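Reviewing the structure listed below.
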Amino acid sequence: MTPEDPDNSRFENFKSATAAALRALAGRKDVEVSFSADGPVQERLSSVKPKKLKLPVPARDLNAEETARLRGHADARALHVRHHDPALHLENAPMDLTAGAAFEALERARCEALGAQQMAGVKQNLS
């Protein structure tokens, strides 16, 4: 594909718009969004709010299922950045690995629930 290819332009515009929406929803202009062929990256919740986030590369044909899935991933990541308190999380995280995994899953669900309650479009994307 050449840069002048309308399909490539549509693909790049979608990626750019998704990254911009993620930054806006996160409330952070400094977040750098990249797309990885490795699929969605679920890092452990860290003690610092991330400045670099990876999303899965969307299918080039931008079919409805893939675009919805990518929007859901982007919204989930943005809500984590917006609603997660790293210091509080670290202070309260259990030491046990199983309990820690459950604690992280609940924190992800909490962040996503806050966004879903506030915005119907985010709720739809997450589902």
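Proximity of backbone amide H atoms, modeled 1.01 Å from N, is registered between VAL33 and LEU53 at under 5 Å, excluding neighbours fewer than 5 places apart on the same chain. The helix-based estimate of mean residue ellipticity at 222 nm for the chain, built from -39,500 (n - 2.57) per DSSP H run of four or more residues and divided by its residue count, is -20000 deg cm²/dmol to the nearest 500.
Accessible area per residue for the chain is 62 Å², calculated with a 1.4 Å probe on protein heavy atoms, without ligands, DNA or RNA. Angle of helix 64-83 to the longest C-alpha principal axis of the chain, folded into 0 to 90 degrees and rounded to 10: 40°. Working note: Karplus 6.51/-1.76/1.60 with θ = phi - 60° gives the stretch 101-118 the couplings 5, 5, 4, 5, 4, 5, 5, 4, 4, 4, 4, 5, 5, 4, x, 5, 5, 8 Hz, where Gly and Pro are set to x. Here LYS54 is the anchor, and the aspartates and glutamates within straight C-alpha reach of less than 18 Å, apart from those fewer than 8 places off in the same chain, are GLU12, ASP30, GLU32, ASP38, GLU43, GLU66, ASP75, GLU112. With semi-axes √(5λ) of the Cα gyration tensor in Å in mind, check (1) 25, 15, 14; (2) 29, 15, 13; (3) 22, 17, 12 and report the label derived from this structure. Correct label is (2). Pop out the carbon and sulfur fraction of the accessible area of the chain as a percent, whole number, probe 1.4 Å. Here carbon and sulfur together make up 54 percent of the probe-accessible area.
The values are calculated or read from the model by the stated rules, or taken from the named source; none is laboratory data. Keep in mind that what you see is a predicted model, and the values were worked out from it rather than measured. Areas reflect the complete protein model, heavy atoms only, side chains present, ligands, DNA and RNA absent. Shrake-Rupley method; radii C 1.70, N 1.55, O 1.52, S 1.80 Å.
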